[in-house]
Amino acid sequence: MTLRLRLKGWQAVGRPSNPVKIQTLTLLRQAGKKSGRRVWRDMSKRLESHKSQMSNVNVSKVSTLTKEGDVILIPGKVLGSGIIDHKIHIGAFAFSGVAIEKIRRADGEPLSVQAFIQKYINHKGLIILG
């Protein structure tokens, strides 16, 4: 049994307290066991980090580093700065409203990590950005 102490909003134990994040981490670990692919375990380790260490990636960076039809996973948040000019399938822990609009305008597909896992669990050529 682990003892949790709360001191002014900080946890003494290094576990996430966000229920959505906990559920996402569980799904990532299960996907890793089910598919036998290390990419899901790698993603869960990246998401376990503190919020201040999570990746924030702008749409412009995604656009520059990818090509038409790429399947991308981001262990953090996608922000709306920049322009995207090609169709991509992108999964992330969070999206800004502007980023969702820009991805959809380019006929792309923004997905939560949970939906991304269900759709692309055995996809080869998956790219992790961030």
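With the convex hull of its Cα atoms as the shape, the chain has an orientation-averaged projected area of 8.7 nm². Against the main long axis of the alpha-carbon atoms of the chain, helix 38-47 sits at an angle near 70°. Axis angle, to the nearest 10 degrees, between helix 19-35 and the longest C-alpha principal axis of the chain: 70 degrees.
Taken about its Cα centre, the chain carries a charge dipole of roughly 660 debye when the Cβ of each Lys and Arg holds +1 and the Cβ of each Asp and Glu holds -1. Once the chain from Lys51 to Glu68 is taken as fully extended at 0.36 nm per residue, the excess over their C-alpha distance is 3.1 nm.
Here the sum of -39500 (n - 2.57) over DSSP H runs of 4 or more residues, divided by the residues of the chain, equals -11500 deg cm²/dmol at 222 nm, to the nearest 500.
The Glu109 and Arg41 beta-carbon pair, evaluated with R₀ = 25 Å, returns a calculated FRET efficiency of approximately 0.55. Over the chain, Cα pairs under 8 Å with separation of 6+ residues give a relative contact order of 21 percent.
Bear in mind that the values in this text are calculations on the coordinates, not laboratory data. This is a predicted model, so every value here is computed, not measured. A quick note on method: Cβ atoms are made from the backbone with ideal geometry, for glycine too, and the neighbour counts reach across all protein chains shown.
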